[in-house]
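Down below is the structure, laid out as structure tokens.
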Amino acid sequence: MLEFILARYNYWIVICLMMTGLYIVFARGNLVKTLIGLNLFQTSVFIFYITVGKVIGGTAPILIENKKKDGTHGGDHGAGHGESHSEAPVGFVSSDEAEHLVSEGAAHEATDPSVTNQIGYGQPGAGGQATESLHLQPPATPANELFKDVAGDAAHAAGASSDAAAAATDILYSNPLPHVLILTAIVVGVATTAVGLSLAVRIREAYGTVEEDDLESMDNAAEVAEVAR
Amino acid sequence: MGHLILRVTIKLLFAPIILFALYVQFHGDYGPGGGFQAGVTLAAAFILHALGFGLDRCQKVIPPGWLPVGMALGVLIYAGTGIYTMLLGGNFLDYDVIQPDSHHHAGQHIGIIVVELGVGLAVAATMLQIFYAFAAREPEPMDDAW
Amino acid sequence: MLLAEAVAPASELLAESEFPGLSAAFAVEIFILAMLAATAFAMIRMRQLFGVAMLSGIYSLLSAAFFVALDAVDVAFTEAAVGAGVSTVLVLSGIALTAKRELPVDRERTFLPLAIVLVVGAALVYATIDMPAFGDPNAPANVYVGAQYIERTPEDIEVPNIVTAVLASYRGFDTLGETVVVFTAGLACLLLLGAGSIRGGGRHDDEEH
């Protein structure tokens, strides 16, 4: 139960924030305050998106440099294969344009092409007993030594975990996709807020007020006058 | 208008902010940043200057007439990159055809830099344009005070 | 060696901590979230719009801090520059052109919005029960296309910042669209307030009354 709450308290607080913004939009009559409330709502939705994209133990999605250097030397073929119950070769994971690292090992869904998905994240779901089953040599080794596999201690070390290391993208990254979406949405958000504000400015110049109630009564009065005439 | 301390601070900060915006613009491939952030930061530098020294002096540096041109030019640079890759025989915004022989995806790098430049120009010009539009408008007399 | 060392803490963390939230990051997150909530509630109560604009800037800055805690450095950067910088200035100049204070709202009129908000909030909270846990690497949102971007960027684009690669290359169309939206919004502001508008962008004395 505590675990359940701890895994979701973030969502709940962010929903609280969203609802605060929504409340301002609904309950307040001042157009500028409504726009600020809309902004609050928007920012809270952004927070929610980013929360969904977070991976525990992950880091910012900026590739760590040393991996690239190693790859271009062509020497570092860190391919570990964890031994496990299914031995299907998983797929090709190339770290530069010339070399392919054949990562052998097994994920739970070994035949699934989406196994590469799990590589990037290190697949912790493969089991807590996933011990490190490899270490990588420095790049000065001969190039044709393709597999520098080091047997893991655990015979059934989770394959995907060693895959992750084999792909040399063993560092967990948070999901970059929400970041991209929200990044552009923030700038678009401020631009559209500015449009809303300029509409409010024009309304103020035409009516002399930005309170919704006053605007409505003025409109009604004008309509009545129109009908009477 | 404006306090002396504020003005001195703004003078000190103005150039570093612009430098930082340029760094963010061109270093967006390697670290956090890119066209959107750089554009906003650049616009923020001029907005800060206008807040401290008045809109007129800021408009001497960047005349309001330039801004719609900058906005359109930014979008055109972006779309033009796509057209250019189409002319080279690739898909729209398929940067690889810019330098097809490169083993290090130089085409992608060039494409991303050019496109980010367009984004940065468009965003900076738009933000400054919006600020000019608001700041240049003289307020009507208010019936309530601050 | 280096890589193995890098893997070890991450997997250890995942293996050992039964509660994925309990850590130093937990304290930071709960602190920032509490501050965000306090700012938001203060914004409801405050009727002076200058104060509301300032609180909105604070809210943006706090959310930028939260974005850093959630690994979204690019987003945090943007939010800090836009939300705390440009947006606050724009709202302030909007306030200068409209009204400084909002009128008080009747007590009765707050009841219906409160009820709606509570119902919507309850529905959303109910929906989170089915959502994957916070930070779950196997959440559906994190395994498909997002993982593909991380996986392929080193080969396809060779740009270290994956966010930039996705923004400008993989999703170039998207970003083109967003740029056009920003452009259009700027144009709309120009038409509403600028040289093209009735008052010709500023001169106030062209009105008769």
All positions within segment B:100-123 that are outside any helix (DSSP H, G or I), surrounded by 17 or more Cβ atoms within 10 Å (Cβ to Cβ) and more than 9 Å from every other protein chain (Cβ to nearest Cβ): none
Search result, residues across segment B:23-40 that are small (Gly, Ala, Ser) and in a loop (DSSP other than H, G, I, E, B): B:28, B:31, B:33, B:34
Wholly enclosed helices (runs of 4 or more DSSP H) of segment C:129-178 bearing at least 2 residues more than 7 Å from chain A (Cβ to nearest Cβ): C:145-156, C:162-165
Residue that is nearest to residue A:204 (Cα to Cα), among those in segment C:65-96 that are β-branched (Val, Ile, Thr) and open to solvent by 20 Å² or more (accessible area, probe 1.4 Å): C:89
In segment C:97-123, the residues that are open to solvent by less than 60 Å² (accessible area, probe 1.4 Å), at the interface with chain A (Cβ under 9 Å from one of its Cβ atoms) and either under 27 Å from residue A:1 (Cα atoms) or not in a helix (DSSP H, G or I) (or both): C:98, C:99, C:102, C:105, C:117, C:120, C:121
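What about residue B:68, is it touching a residue at least 40 places away in the same chain (Cβ under 8 Å), in contact with a Phe, Trp or Tyr (Cβ under 7 Å, 6 or more places away or on another chain) and facing chain C (nearest Cβ under 9 Å)?
Against the criterion (touching a residue at least 40 places away in the same chain (Cβ under 8 Å), in contact with a Phe, Trp or Tyr (Cβ under 7 Å, 6 or more places away or on another chain) and facing chain C (nearest Cβ under 9 Å)), residue B:68 does not qualify.
The values are calculated or read from the model by the stated rules, or taken from the named source; none is laboratory data. None of these values were measured; they are calculated from a predicted model. For neighbour counting, all protein chains shown are included, and Cβ atoms are generated from backbone atoms with ideal geometry for every residue, glycine included. Just so you know, the surface numbers come from the protein's heavy atoms only, side chains and all, with ligands and any DNA or RNA stripped out. Shrake-Rupley method; radii C 1.70, N 1.55, O 1.52, S 1.80 Å.
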